[in-house]
Amino acid sequence: MSVMVYEEDIPEGLELVGDIAVDTETMGLVPQRDRLCLVQLKDESGQVALVRFAANVSFNAPNLKRLLSNPQQTKIFHFARFDVAAIHQWLNVWVHPIFCTKIASKLVRTYTNRHGLKDLCSELLGVEISKQEQTSDWGAHALSEAQLKYATNDVLYLHQLREKLEAMLKRENRKQMAYKLFEAIQVRAQLDLTGWGDEDIFAH
Ligand code: MN
């Protein structure tokens, strides 16, 4: 596996193959307030690209934006709702198409309420991952080895999780519902960004 760290964009001509696992690290949980610090990408060949955004940069990342909106390459997230909103807020692009392992898990693993990435890796893949650096300072001038390792870890297992969850969605006849929900993530993220974060707009 190769892990490369880039500043502000992926290089022109960098070839990331097939569907792409994506995660982001930000300064916090409010996209309008908390800037995007890192976008992690992993392709089907195992290549990992970490894209760093330092403070006060322009977020002009044409190659990354093209990849994130390329209809030929599905972007696999865990809890896409947050990352898609943060990416739109800072990079001004809507990610498309999307597979969200958290939504898929909620649709098929109805025997549990544990749908964290750690839980899925443990149960479906037998892999124990650490969530220790989750709340670290992603805006720091230099990211630590531990941070880079953690950031990489968050995209490492998403392809394998999608495979397991797709099989379960098929088995339980919930694939169509899942894909309709993935299509709806954009409007859900839009609601988050425009002030309907906590409200269930479908509620009576
Ligand atoms: Mn992460």
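The values are calculated or read from the model by the stated rules, or taken from the named source; none is laboratory data. All of these numbers come straight from a predicted model, not from anything done at the bench. Virtual Cβ from ideal backbone geometry, glycine too; neighbours counted across all protein chains shown.
Observations
- Some residue of the range 78-89 being within 23 Å of S136 (Cβ to Cβ), part of a helix (DSSP H, G or I), in contact with a strand residue (DSSP E or B) (Cβ under 7 Å, 6 or more places away or on another chain) and not hydrophobic (A, V, I, L, M, F, W, C): yes
- Only one of the numbered conditions (1) more than 15 Å from the chain's Cα centre (by Cα); (2) surrounded by fewer than 17 Cβ atoms within 10 Å (Cβ to Cβ) is violated by L16, and that is (2).
- Considering the range 130-146, and only residues there that are surrounded by fewer than 19 Cβ atoms within 10 Å (Cβ to Cβ) and assigned to a helix (DSSP H, G or I), the residue that is nearest to the chain's Cα centre (by Cα) turns out to be Q134.
- When residues in the range 166-204 are screened for being assigned to a loop (DSSP other than H, G, I, E, B) and buried (at least 16 other Cβ atoms within 10 Å of the Cβ), 1 of them pass.
- The residue pairs whose first member lies in the range 74-86 and is in contact (Cβ under 8 Å) with a residue 40 or more places away in the chain, whose second member is small (G, A, S) and part of a helix (DSSP H, G or I), and whose beta carbons are closer than 9 Å, counting only pairs six or more residues apart or on different chains, are H78/S105; A80/A189; R81/A189; F82/A189; D83/A189; V84/A189; A85/A189; A86/A189.
- Residue count for the range 68-89, restricted to those that are hydroxyl-bearing (S, T, Y) and either crowded, with 18+ Cβ neighbours inside 10 Å or closer than 22 Å to L165 by Cβ (or both): 1
- Residues satisfying the stated conditions in the range 69-82, i.e. more than 15 Å from Q190 (Cα to Cα) and among the basic types (K, R): K75
- Candidates L124, L169, L181, L158 - the one that is in contact with a strand residue (DSSP E or B) (Cβ under 8 Å, 6 or more places away or on another chain) and more than 16 Å from the ligand (Cβ to nearest atom): L181
- Residues within the range 1-21 that are touching a Leu at 6+ places or on another chain (Cβ under 6 Å) and either assigned to a strand (DSSP E or B) or within 14 Å of the ligand (Cβ to nearest atom) (or both), tallied: 3
- Screening the range 83-120 for residues that are within 13 Å of the ligand (Cβ to nearest atom) and either over 12 Å from the mean Cα position of the chain (by Cα) or modelled with pLDDT under 95 (or both) and picking the one that is farthest from V187 (Cα to Cα) gives K118.
- Within the range 172-198, residues that are farther than 19 Å from L107 by Cα and at pLDDT 95 or above reach partners that are part of a loop (DSSP other than H, G, I, E, B) and not basic (K, R) with beta carbons closer than 7 Å, at six or more positions or on different chains, in the pairs L191/I201; L193/P31; L193/Q32.
- Leading residue by the ranking (surrounded by the fewest Cβ atoms within 10 Å (Cβ to Cβ)) among those in the range 22-59 that are among the charged types (D, E, K, R) and either free of Cβ contacts under 8 Å to residues at least 40 places away in the same chain or within 16 Å of the ligand (Cβ to nearest atom) (or both): R33
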